[in-house]
Structures are given as C-alpha cells and as structure tokens.
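The values are calculated or read from the model by the stated rules, or taken from the named source; none is laboratory data. Predicted model, so just to flag it, every value in this text is computed and none were measured. Note that each Cβ is placed from the backbone with ideal geometry, even for glycine, and that neighbours are counted across all protein chains shown.
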Amino acid sequence: MISKAIRMARVASGGELAAALLMLLSYPCLVIAALLPSLWFFVAVAVVSYVADWFLHQRRSYLINRLGKARAGLSLRFLLRELTLVLLMAQLNLANNRAFSAAIVCFLVFYGMQAPHSALVTLIRNRRKLPFGTRNIDLGGLRITSAPPSVLTSRSAEKMLHLDVFAMAGFLVYAKAGHMAFVYLGAALTLGLGIVYTLALAPYLTRRRLPAQTDDALAFMDTWLRAYRPTTVLYFSGSADSAYQVNMWLDTMADLKGDERPLVILRERAILLQLADTAVPVLCVPGAVHLMNMDLSTVRVALYPANVGKNIHLLRVPSMKHVFVGHGDSDKVASINPFSKAYDEVWTAGKAGRDRYALADVGVRDEDVVEVGRPQLAGIAAWDGAAASGVPTVLYAPTWEGWTDEPGNTSLMLAGANIVRGLVKSATPVRVLYKPHPFTGTVNPKAKKAHDKVVAVLVKANAERAADPAWSARIAEGKAAQAAARTELAAIQAELDSLVSEATSTEGDMAIMSRDSITDPELTARLAALRARWNAAYWKSLSSWEHKVVTGPMPHLYECFNESDAMVSDISSVVSDFVATGKPYAITDSAELGEEEFKRQNTAARAALVLGNSASRVGELVAAVVAPERDPLTGPRREIKQYLLGPDHPSSIERFSQAVRELAHKADVRLIQQAALGQSGEIDPLQETSAQARAEMEQAAPERRAEDELAADVQERNAG
C-alpha cells in the first residue's frame with residue numbers, strides 16, 4: 001500500500017511521502033488554526049509546514065517540480081503561509097493595530113524585493129555562461145573569473161523566501177506578548193537580510209567579475225583548435241537520458257591507433273554533465289551559429305552515434321567525411337534509417353549490418369558500408385562452453401517501448417511478467433537479474449506498469465525463497481562474505497563520491513567547470529581502479545539465490561553479461577552485443593510473427609530460442625545452461641557471432657582505427673583535388689572552409705595532380 005502511494009506521488013521514499021503529506025495538509029490546517037483562532041496550533045502547523053517544505057527541497061523531490069507545474073510553486077506556498085498569519089491577526093482582533101498594518105507592509109515590501117533578487121541571479125548565471133563548455137581543454141589563456149559563492153546562488157529563491165521566518169516569528173510573538181519591539185525586530189531582520197542578500201550579488205555583474213565575453217571566448221577556442229588540430233570528431237546531440245549513446249564511444253575515441261587527434265563535440269550542456277570519464281578533449285557548443293563558425297578545417301572524419309536534427313550543423317561542412325556509427329547494431333528499424341544515406345559512409349559491426357541495408361534498399365550504397373566490428377565489446381568475457389555451476393543466473397534485459405506502439409518493440413508489456421514467472425518457477429532453480437532499458441516507461445505508461453509488475457514478481461519470489469526451509473542452507477551460506485562485501489562496497493562508493501568533481505553538479509558554474517576539467521591521469525587511473533573494485537564488491541555482495549533488479553549506470557550492462565549464464569531480451573543491440581559471449585540466449589517474438597518468420601526477419605534470432613508472449617519455452621533456455629552439450633544452438637551461435645560482429649582478428653579497435661585512417665585519406669585527396677580545380681578557375685570549392693585551410697590547400701595544389709603523388713604527399717604529411 002505504501003509502495004503504491006510512493007509511486008503515485010512520484011517520491012523516492014517513505015520519508016519523502018510523509019513530508020509531502022505533512023506539507024500539503026499544513027495549509028488547510030493553517031487556515032483552520034487562523035479561523036479558530038488558535039495561536040499555538042498555528043505555530044505548530046507553521047513549523048511543520050516550513051520543515052516539510054525544506055526537507056523536500058533538500059531531497060530534490062520530484063513532487064516539488066510537479067507543484068510548480070500546478071501553479072503551487074515555491075513563492076505561492078510562502079505567500080499562503082503569510083496570508084494565513086494576516087488572517088490569524090485579524091481573528092485575534094488585531095486588525096486595527098499598528099502590528100497588522102506593519103505585517104501587510106512588511107510582506108508587500110518583502111515580495112517586492114523578490115523581483116530584483118531573482119533578476120540579479122538570472123543575469124549573473126546568463127552572463128557567466130561561455131558560448132561553450134569543455135573538458136580536458138586548457139582554458140588558462142581565457143579570462144574566467146571566480147563564480148559567486150554557492151551560498152549566494154545555489155537554490156537562491158528558496159533561501160531568499162525563507163528569510164520571512166524572522167518576520168513570521170516576530171508577529172507571532174507579538175500576538176502572544178503584545179510588545180511591538182518583536183514586530184520591528186522581525187520585520188527589520190527579514191527586510192534587512194533580504195537587502196543585504198540582494199546587494200551581495202550586485203558586484204558579480206561588474207565587468208571585472210564576469211568571464212570573457214562571447215567574441216573573445218570564441219576567438220580563444222579557434223586559437224586552441226588551430227593548435228590542437230583535431231583530425232577525428234565524435235559528434236553528439238540528444239537529451240540527458242541519451243548520454244549512454246555517446247558514452248559508449250568514449251573509450252574507442254581514446255584508443256584510436258596512429259596519429260589521430262580525437263575531439264568530442266556535444267550540443268547540449270546536459271549531456272556534458274552526464275558524460276562519463278574520458279581523457280579525450282570535449283567541446284560542448286549549444287549555439288548552431290557558433291559551431292558553424294568554428295575553425296574545424298583540420299578535421300577529416302566526423303562520427304555520429306545518433307540520427308538527430310542537429311547533425312545538419314556539422315554535416316554541412318564539406319572538408320570532412322561524415323560517418324554514421326550508431327549506438328548499437330541490431331535488426332531494429334532504427335538500424336536501417338533512410339537518413340543514413342546523408343553520410344559519406346555507414347559503419348557496421350559485421351556483414352549482417354551490410355546485408356540489412358542492402359535488403360532495406362533505403363539508398364545506402366553497398367560500397368559506402370564498412371565493417372569495423374564493435375570496439376566496445378573488448379571487456380566482455382567469452383564463454384568457455386562449460387555448464388553453469390551453483391544456481392545459474394539468467395539476465396532479462398528488455399529494450400524500451402520506442403516511439404511507436406508496435407508490439408514487437410519490447411517484450412516487457414506483453415511477455416515480461418510471464419518470462420520472469422517462468423524463470424523464478426523453473427524446475428531447475430535460477431537467479432534472475434532484471435536490467436530494464438533506461439528509457440522504459442518514458443513514452444508509454446503501460447511499459448512502466450509492466451516494469452512494476454516484473455519487479456513485484458521478483459520481490460515476491462525472493463520472499464518465498466527466504467521463507468522456504470529447503471533454501472535455508474543456501475541462504476545461510478556466504479552471509480558473512482556478503483556482509484563484508486557490502487561494507488567494502490559502501491566504502492568504495494563513499495570514496496568514489498568524494499572524488500566526483502563539481503562538474504557533475506547541475507548547480508555548478510559551467511565556466512568554472514570547464515576551467516577546472518583538465519584530466520588528472522592519476523585521478524583517472526584511481527577512478528578506474530575504484531570502479532573495478534566496486535563491480536567486484538557489488539557481485540560479491542549479492543546472494544547467489546536472490547533475484548536482483550539492476551538499474552542505473554553501475555553495474556554496466558556488459559558486467560551483467562559477464563555475471564550471467566544466459567539472457568532473455570528483445571530485438572535490439574543488446575542481443576547483438578550478448579552474442580559476443582557465446583552464451584545461450586532467447587528472444588521474444590512479441591508481435592507473434594511465428595518462429596520461422598521471426599527468424600527470417602531478424603538475423604540475431606537465427607541462433608536464439610524464440611519465445612512467445614506466454615514464455616512457455618523458457619525452460620529450454622535453462623536446460624541449455626545446465627546441459628550445454630545437448631544445446632542444438634551452440635554451433636549456430638558461433639556462426640552468427642562472426643556474421644554479426646565480424647572476425648576476432650584483427651581486433652575491432654584495429655579495424656576501426658584503420659577505417660578512420662582510410663577515410664581521412666579520402667578526405668585529404670578530395671580536398672587537394674578540389675583545391676586544384678579551384679586554382680584552374682573551374683569552381684570555387686573552398687567557399688565553406690576557413691581562410692587558413694584555403695591558404696594551405698591553394699599553396700599545395702599546383703604539384704598535386706596525379707593520384708600516386710597525392711597518396712605519397714598525404715603519407716608524408718601524416719608522418720610529420
């Protein structure tokens with residue numbers, strides 16, 4: 001009952017739910033106390049109201065945001081408390097008293113002060129914004145002044161409004177004691193501190209307290225770009241929830257072989273805040289005009305993990321080659337998006353991706369498809385073919401509902417509960433790991449309800465096992481080790497939290513974040529080691545018999561792959577990536593196409609156990625885990641791995657790096673050819689390039705006509 005109320009109220013815990021109820025109930029109680037009138041009842045309810053409101057703000061409760069949307073925001077809630085005080089004073093026959101007039105004047109002036117205070121805070125935040133945000137770029141030559149103390153700018157409206165407690169206290173004491181001194185003292189403190197707070201902000205709007213202006217900042221960044229000379233760009237735009245799509249490519253960018261100089265370009269500050277650790281320079285440019293005017297003339301290859309509208313702001317640059325790399329390789333319609341023909345090349349993991357585009361006939365030419373493998377899968381452990389020991393672990397990792405209502409998008413709504421029930425009631429006991437997609441329930445509320453149902457099934461199954469005497473020995477086994485691992489996990493988490501920089505805070509000053517975001521190799525190595533220890537401790541802290549819901553960025557999905565013995569999922573990149581393990585897997589035919597048609601349409605399903613929405617065959621997956629020698633799909637899984645992901649040798653990162661080098665060479669050849677044509681007066685291909693790039697190419701053009709000379713020249717320049 002309480003858990004249902006927590007979900008309905010959109011709060012995170014029972015404590016938040018209690019605080020929300022107390023705060024909402026306090027307002028009618030304040031009115032009742034004022035009408036009675038009852039001074040002590042009013043005081044008690046007012047204290048509860050202030051504390052509950054403060055607590056919800058401290059916890060950043062979602063309910064607070066919802067109240068603002070419902071026109072019951074912060075200012076209105078404070079005003080209502082003050083109006084009930086005025087009502088109380090009237091009911092106490094103080095309407096004709098100087099204190100009553102003082103209360104009205106005090107609160108009118110106090111609310112009049114909110115406008116200049118709010119305006120100052122907003123102006124400071126806006127004028128301190130650089131036209132870009134960065135990581136791992138030295139901004140030492142750019143003027144970035146210290147930000148106002150967080151005590152002045154963090155949750156400033158809440159702090160300003162809370163100054164009314166002095167006036168409230170003064171008027172309430174007066175109502176009891178009858179001394180005007182309390183009225184004057186309370187009002188003076190409220191108004192005086194409000195004036196001091198506002199005036200304390202004013203100096204931070206002076207020119208010497210503000211960072212470099214937009215033009216100066218952009219000029220500095222162009223200077224840095226010309227010095228760094230980036231060659232390969234990873235370009236990304238999206239919502240904060242989609243940060244995982246760019247995060248999966250960061251290690252690949254850092255591991256590029258050869259003389260590549262990588263750069264990550266983001267378009268939203270929210271993504272910059274969600275970006276994982278990386279040593280690669282990161283440049284976030286929200287403004288389209290600012291980005292299009294930046295000197296990116298040395299970039300030869302641009303990689304795009306997602307098809308989004310803002311891609312056009314870089315796609316328009318002709319001096320570089322553009323590649324769609326995606327954020328996963330699967331049989332989903334998204335993997336054959338017709339927009340992909342806008343890119344110079346489309347890179348897929350294996351031959352399966354090439355064949356998908358050929359069959360879809362969406363305008364992507366076969367010669368523009370390059371198979372580069374999946375560099376992200378290097379950390380996935382390959383299965384040794386042995387039977388699972390102890391209690392086998394089965395991972396259920398459904399994808400999300402997508403933007404359409406097609407039943408084949410996710411198994412969660414039609415089959416999720418059946419899959420999990422089949423696993424927890426399996427004749428051979430298994431442990432279920434459930435890792436839902438981060439977007440689950442964001443489009444269709446039914447998906448969120450289905451998720452809650454799956455969680456409820458696992459909670460009930462855990463309770464039944466815990467109460468079953470047949471499981472008592474297994475439950476008792478390893479308890480001490482699990483407790484020790486939980487203690488270690490808490491210590492590691494505390495250390496990780498202490499090392500997280502201010503750059504992860506949405507309240508931090510973006511200019512300061514950028515200035516202080518230079519990678520410390522020692523810190524990076526320490527964080528990597530801590531995360532590895534965290535993962536090890538996390539799995540040790542779990543009981544081998546207990547089902548687990550795994551959410552959040554840690555542990556990563558690939559860690560769940562390594563921990564599991566088999567997986568149930570949907571048609572998505574999750575399946576294509578799991579194929580790298582060689583372990584048994586099942587896919588749900590949620591649209592009920594039938595096994596033959598489902599396998600015909602979906603490449604990864606050819607080596608999978610196909611489940612209907614009833615999930616009646618899920619026991620066959622468990623059987624394949626405990627008796628792999630009788631699994632008929634072992635051979636097909638080896639074949640499909642090669643088809644989906646390409647060969648194991650050379651490594652994927654080597655193939656990926658080679659593809660970058662070859663495409664960069666094509667970009668160089670094209671630019672030199674275009675420059676030569678421009679010299680002959682036939683065309684002017686350099687209209688879109690920077691003056692520096694134009695001068696370089698015009699200077700090189702006369703002697704670069706023949707193809708062999710072009711290739712030799714490019715090699716010589718790369719070597720230098």
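Given the residues Y244, Y235, which is the only one that is of a type in the set (S, T, Y) and surrounded by 23 or more Cβ atoms within 10 Å (Cβ to Cβ)?
On inspection, the qualifying residue turns out to be Y235.
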Point to revise | Output for segment 238-264, where each listed residue is in contact with a helix residue (DSSP H, G or I) (Cβ under 7 Å, 6 or more places away or on another chain), modelled with pLDDT of 95 or more and under 23 Å from I512 (Cα atoms) | key: V264
Check your understanding: Among the residues of segment 153-183, how many are closer than 24 Å to A44 by Cα and touching a residue at least 24 places away in the same chain (Cβ under 8 Å)?
Key -> 18
Point to revise | Scope segment 126-152; condition touching a residue at least 60 places away in the same chain (Cβ under 8 Å) and either among the polar types (S, T, N, Q) or not in a loop (DSSP other than H, G, I, E, B) (or both); matching residues | key: R127, G133, T134, R135, N136, T145, S146, S150
Practice item. Might you let me know whether segment 202-212 holds any residue that is within 25 Å of G141 (Cα to Cα), out of contact with any helix residue (DSSP H, G or I) (no Cβ under 8 Å at 6 or more places or on another chain), basic (K, R) and free of Cβ contacts under 8 Å to residues at least 40 places away in the same chain? Key: yes
Exercise for review: Report whether or not D215 is in contact (Cβ under 8 Å) with a residue 40 or more places away in the chain and of a type outside the set (K, R).
Suggested key: no
Practice item. Pick out, from segment 457-565, the helices (runs of 4 or more DSSP H) lying fully within it that include 3 or more residues that are under 22 Å from the mean Cα position of the chain (by Cα) and not assigned by TED's automatic domain parsing to the domain that holds S426. Key: 479-499, 510-515, 521-541
Exercise for review: Answer yes or no as to whether A580 is in the same structural domain as A387 (by TED's automatic domain parsing) and crowded, with 16+ Cβ neighbours inside 10 Å.
Suggested key: yes
Revision key, fill the gap. Over segment 534-563, the set of residues surrounded by 16 or more Cβ atoms within 10 Å (Cβ to Cβ), more than 18 Å from Q245 (Cα to Cα) and of a type in the set (D, E, K, R) is E546, K548, E563
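Residue by residue, here is whether (1) more than 28 Å from the chain's Cα centre (by Cα); (2) modelled with pLDDT under 90 holds:
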| residue | (1), (2) |
| --- | --- |
| P318 | yes, no |
| H322 | no, no |
| G328 | no, yes |
| A334 | no, yes |
| N337 | no, yes |
| D344 | yes, no |
| W347 | no, no |
| K351 | yes, no |
| R365 | yes, no |
Practice item. Just name the residue that is surrounded by the most Cβ atoms within 10 Å (Cβ to Cβ) out of those in segment 128-147 that are hydroxyl-bearing (S, T, Y) and over 10 Å from S514 (Cβ atoms). Key: T145
Exercise for review: For segment 382-412, name all the residues that are touching a His at 6+ places or on another chain (Cβ under 6 Å) and either exposed (fewer than 12 other Cβ atoms within 10 Å of the Cβ) or β-branched (V, I, T) (or both).
Suggested key: T399
Check your understanding: Among the residues of segment 535-548, is any among the aromatic types (F, W, Y), under 25 Å from T581 (Cβ atoms) and in contact with a Ser or Thr (Cβ under 9 Å, 6 or more places away or on another chain)?
Key -> no
Check your understanding: Any chance segment 591-598 includes a residue that's buried (at least 19 other Cβ atoms within 10 Å of the Cβ), among the small types (G, A, S) and touching a residue at least 60 places away in the same chain (Cβ under 8 Å)?
Key -> no
Review point. Just wondering, is there one or more residues in segment 630-646 that are out of contact with any Ser or Thr (no Cβ under 9 Å at 6 or more places or on another chain), in a loop (DSSP other than H, G, I, E, B) and more than 30 Å from R421 (Cβ to Cβ)?
Key: no
Practice item. Please work out which one of (1) in contact (Cβ under 8 Å) with a residue 12 or more places away in the chain; (2) in a helix (DSSP H, G or I) is the condition K448 fails and give its number. Key: (1)
Practice item. Could you tell me whether any residue of segment 600-616 is outside the structural domain of D251 (by TED's automatic domain parsing), over 33 Å from the mean Cα position of the chain (by Cα) and on the phi > 0 side of the Ramachandran plot? Key: no
Check your understanding: Given the conditions (1) at pLDDT 75 or above; (2) more than 26 Å from S101 (Cα to Cα), and given that K4 satisfies all but one, which numbered condition is not satisfied?
Key -> (1)
**Study point:** Hits in segment 224-273 (condition: closer than 17 Å to H290 by Cβ, outside any helix (DSSP H, G or I) and among the aliphatic types (A, V, I, L, M))
**Key:** V233, L263, V264, I265, L266
Review point. Can we say L273 is in contact (Cβ under 8 Å) with a residue 40 or more places away in the chain and either surrounded by fewer than 18 Cβ atoms within 10 Å (Cβ to Cβ) or out of contact with any helix residue (DSSP H, G or I) (no Cβ under 7 Å at 6 or more places or on another chain) (or both)?
Key: no
Exercise for review: Kindly indicate whether T214 is modelled with pLDDT of 95 or more and polar (S, T, N, Q).
Suggested key: no
Check your understanding: Does segment 298-310 contain any residue that is crowded, with 19+ Cβ neighbours inside 10 Å, assigned by TED's automatic domain parsing to the domain that holds K341 and farther than 18 Å from Y343 by Cβ?
Key -> yes
